[in-house]
1. What do you reckon, is VAL177 free of Cβ contacts under 8 Å to residues at least 60 places away in the same chain and within 15 Å of the ligand (Cβ to nearest atom)?
2. Take the residues of segment 104-132 that are buried (at least 20 other Cβ atoms within 10 Å of the Cβ) and more than 14 Å from the ligand (Cβ to nearest atom): which is farthest from GLU165 (Cα to Cα)?
3. Quick check on segment 138-162: of everything there that is assigned to a strand (DSSP E or B) and aliphatic (A, V, I, L, M), which residue is least open to solvent (accessible area, probe 1.4 Å)?
4. Of all residues being within 20 Å of GLY135 (Cα to Cα) and touching a helix residue (DSSP H, G or I) at 6+ places or on another chain (Cβ under 7 Å) in segment 42-88, which is nearest to the ligand (Cβ to nearest atom)? Just the residue, please.
5. Quick one: GLY182 ticks every box in (1) closer than 19 Å to ARG4 by Cα; (2) of a type outside the set (S, T, N, Q); (3) open to solvent by less than 50 Å² (accessible area, probe 1.4 Å); (4) part of a loop (DSSP other than H, G, I, E, B) except a single one, so which number is it?
6. Hey, among the residues in segment 42-65 that are in a helix (DSSP H, G or I) and not hydrophobic (A, V, I, L, M, F, W, C), which one's farthest from the chain's Cα centre (by Cα)?
7. If I ask for residues that are in contact with a helix residue (DSSP H, G or I) (Cβ under 7 Å, 6 or more places away or on another chain), surrounded by 16 or more Cβ atoms within 10 Å (Cβ to Cβ) and part of a helix (DSSP H, G or I), which ones from segment 8-41 would you list?
Amino acid sequence: VHPRPPERLPLDGVILRRYRADDAPALATACRASRAELEPWMAWATDEGLTEAALAAFIAETTARTAAGHEVVYGLFDPADGTCLGGCGLHHRGDAQGHVEIGYWLRSDATGRGLMTRTVAVLCDLALGLDGVTGVEVRCDATNTSSAAVPRRLGFTFTGLVAREPTAPADTDHEMVWLRTGPVGALSPHP
Ligand SMILES: CC(C)(COP(=O)(O)OP(=O)(O)OC[C@H]1O[C@@H](n2cnc3c(N)ncnc32)[C@H](O)[C@@H]1OP(=O)(O)O)[C@@H](O)C(=O)NCCC(=O)NCCS
């Protein structure tokens, strides 16, 4: 995805940085506090998936995949106390069109204030500045309205529903595809 992804991305009031090996406990705490909201949509939000050991393995694996240029994952942290507030990433699915995909989740008590919308705007513009990237996709289940609201708010275009195997408990057999081919730029104030 990126030859040398930035360690940290600019975002007002929040730290958006790549995970470090010692983030596993904070990540586990955030995910466990959000289990009810994550479980329907994230296949990894299970008892086994949310142990510190599993999350330490996730950090190690994604760090290796970043070094290989396949993806880059960032955590959101509260600058006041280091609490993990969520996560997001750019994933290269190997498609021939030059599209990359953004995935995300928030700690439940960090929702409802536009944090993920602002984060996805930053990640989208980072991705569109990379060599060979012609578009950024957000893919979410056909019924995941909170997730779809993020790309909609940022002016992504809904390109349609595609069939796919469900992986998480609330998944249907179709996902929405949202696409943006130009940078989001500065966001106008939230109404
Ligand atoms: C998807 C998810 C990250 C969306 O969280 P969210 O809080 O709705 O998203 P944001 O942080 O962008 O906040 C948007 C909300 O804040 C409000 N808001 C307040 N200030 C805002 C601002 N400055 N800018 C944008 N929105 C703002 C918006 O109106 C919106 O609230 P509403 O839905 O009641 O209208 C969250 O629901 C989640 O983690 N779900 C579980 C995991 C998941 O489904 N991930 C996606 C898989 S594809």
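1. It is true that VAL177 is free of Cβ contacts under 8 Å to residues at least 60 places away in the same chain and within 15 Å of the ligand (Cβ to nearest atom).
2. That would be LEU126.
3. VAL138
4. CYS88
5. Unmet for GLY182, out of (1) closer than 19 Å to ARG4 by Cα; (2) of a type outside the set (S, T, N, Q); (3) open to solvent by less than 50 Å² (accessible area, probe 1.4 Å); (4) part of a loop (DSSP other than H, G, I, E, B): (1).
6. GLU52
7. ASP23, ALA24, LEU27, ALA28, CYS31, ALA33, GLU37, LEU38 - these are the residues of segment 8-41 that are in contact with a helix residue (DSSP H, G or I) (Cβ under 7 Å, 6 or more places away or on another chain), surrounded by 16 or more Cβ atoms within 10 Å (Cβ to Cβ) and part of a helix (DSSP H, G or I).
The values are calculated or read from the model by the stated rules, or taken from the named source; none is laboratory data. Keep in mind that this is a model prediction, so the values were computed, not measured. No Cβ is skipped: glycine too gets one built from the backbone with ideal geometry, and neighbour counts run over all protein chains shown. Surface accessibility is based on the protein's heavy atoms, side chains included, excluding ligands, DNA and RNA. Shrake-Rupley method; radii C 1.70, N 1.55, O 1.52, S 1.80 Å.
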